[in-house]
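Okay, so here's the structure we're looking at.
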Amino acid sequence: MAAFDLDEGVISPGGIGYDINCGVCLLASGEYFEDVRGRISELAKEIYRQVPSGVGHGNTITFSSKQLDQVLRDGAPRMVAFGYGETDDLGHIESGGVLDAADASKVSNHAKQRGRDQLGTMGAGNHFVEIDRIDTIYDHNAAERMGLFEGQVVIQLHTGSRGLGHQIATDFIRVMNPAMPTYDITVPDRELCCVPFCSTEGQEYFSAMSAGANFAWSNRQLITWEIRQAWKAVIGSSPLRVVYDVAHNIAKVETHEIDCQSCPLLVHRKGATRAFPGQPVIIPDGSPVLSARSCEV
């Protein structure tokens, strides 16, 4: 994690990552594991059927160019408006599932083409949907506030902005490397390229990155809808609710106290999440796609 002054600091795709707004969402059921133990295998198979996963796999749910631009601009609220979720979900997503700095026009057509059929898809690598059972609770007050209890079935999903986010990073690394000499910036590796946040290149990347972040929140929102469809088909009762959705590859403008003064900063988080008071921090362990295990709260 790194933070920079808005006027004198830099912005770096490498400090955010190729998979913009890769993040984790936790869904909670009202069911005890013992009550649905016999249907877990069927549930895993149905989730696998509902949620496209693997390298290059697209979704049968597609969006027009206009709808994709709306998603890039509006994030998860737009996905809910399309019918893929509930308004209550948005209150349990970091930043409400949208960064206002997003500008779809700063995202290349190539990036949009790569992401066109990838909303609602998992991808590969360490991304997963995981059926969990809460095994141990250490902070009962916090668990109660979040509606979590021992023996409860919960579902985690971990994915990000797919090919669209990767292409945004690739595009702007190509822009920033030749631009750095203009700002007397040198770095030991091209992947560490950066430009002043207040520069034209910096502002255009921030707008595109924000659009990529909105795409990722929309992706997890649509996957949440797909998981709910699987849950309804197999379990039927007690609909799944969003406990929290948190990003770990993102840059955001935030106000923090430095030397007893409130200062606006550009905070890069690569592989790191916010950990503000009262906010859940969800840390996955890089498990394979569609597994069942115990977890601790």
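Are any residues in region 101-135 of a type in the set (Val, Ile, Thr) and more than 26 Å from Val234 (Cβ to Cβ), and if so, which ones?
Val107
Taking Val129, is it in a helix (DSSP H, G or I) and touching a Leu at 6+ places or on another chain (Cβ under 7 Å)?
no
To keep it simple, each residue is scored yes or no on (1) among the aliphatic types (A, V, I, L, M); (2) buried (at least 22 other Cβ atoms within 10 Å of the Cβ).
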{"position": "Trp217", "(1), (2)": "no, yes"}
{"position": "Gln221", "(1), (2)": "no, yes"}
{"position": "Ile235", "(1), (2)": "yes, no"}
{"position": "Ser238", "(1), (2)": "no, no"}
{"position": "Val243", "(1), (2)": "yes, no"}
{"position": "Ala247", "(1), (2)": "yes, yes"}
{"position": "Lys252", "(1), (2)": "no, no"}
{"position": "Ala275", "(1), (2)": "yes, no"}
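Can you name the number of the only condition in (1) in a helix (DSSP H, G or I); (2) without any contact (Cβ under 8 Å) to a residue 24 or more places away in the chain; (3) on the phi > 0 side of the Ramachandran plot that Lys45 fails?
(3)
Does Leu266 satisfy the criteria of being touching a residue at least 60 places away in the same chain (Cβ under 8 Å), crowded, with 18+ Cβ neighbours inside 10 Å, touching a Leu at 6+ places or on another chain (Cβ under 9 Å) and not in a helix (DSSP H, G or I)?
Against the criterion (touching a residue at least 60 places away in the same chain (Cβ under 8 Å), crowded, with 18+ Cβ neighbours inside 10 Å, touching a Leu at 6+ places or on another chain (Cβ under 9 Å) and not in a helix (DSSP H, G or I)), Leu266 qualifies.
Going through region 223-249 one residue at a time, which ones are in a strand (DSSP E or B) and either touching a Gly at 6+ places or on another chain (Cβ under 8 Å) or among the small types (Gly, Ala, Ser) (or both)?
Within region 223-249, Arg241, Val243, Asp245, Val246, Ala247, Asn249 meet the criteria.
Among the residues of region 282-294 satisfying the criterion of being under 19 Å from Met1 (Cβ atoms) and surrounded by 13 or more Cβ atoms within 10 Å (Cβ to Cβ), which is modelled with the lowest pLDDT?
Pro284
Residue check: is Asp89 buried (at least 19 other Cβ atoms within 10 Å of the Cβ), touching a strand residue (DSSP E or B) at 6+ places or on another chain (Cβ under 6 Å) and part of a helix (DSSP H, G or I)?
Yes; evaluated as a whole, the condition is true for this residue.
Give region 48-69 a look and list any residue that's surrounded by 20 or more Cβ atoms within 10 Å (Cβ to Cβ) and outside any loop (DSSP other than H, G, I, E, B), or say none.
Leu68 - this is the single residue of region 48-69 that is surrounded by 20 or more Cβ atoms within 10 Å (Cβ to Cβ) and outside any loop (DSSP other than H, G, I, E, B).
Suppose we filter Gly212, Gly271 for residues that are modelled with pLDDT under 95 and either touching a Phe, Trp or Tyr at 6+ places or on another chain (Cβ under 6 Å) or not aromatic (Phe, Trp, Tyr) (or both); which single one remains?
Gly271
Cβ-Cβ below 8 Å, separation at least six or inter-chain, first residue in region 77-103 and within 19 Å of Gly120 (Cβ to Cβ) and of a type in the set (Phe, Trp, Tyr), second modelled with pLDDT of 95 or more and part of a strand (DSSP E or B): which pairs?
Pairs found: none.
Could you tell me whether any residue of region 181-193 is farther than 30 Å from Gln67 by Cα, surrounded by fewer than 16 Cβ atoms within 10 Å (Cβ to Cβ) and of a type in the set (S, T, N, Q)?
yes
Determine, yes or no, whether Gln156 is closer than 28 Å to Gln221 by Cβ and more than 23 Å from the chain's Cα centre (by Cα).
It is false that Gln156 is closer than 28 Å to Gln221 by Cβ and more than 23 Å from the chain's Cα centre (by Cα).
The values are calculated or read from the model by the stated rules, or taken from the named source; none is laboratory data. All values derive from a computational prediction rather than experimental measurement. Don't worry about glycine lacking a Cβ; one is built from the backbone with ideal geometry, like all the others, and counts go over all protein chains shown.
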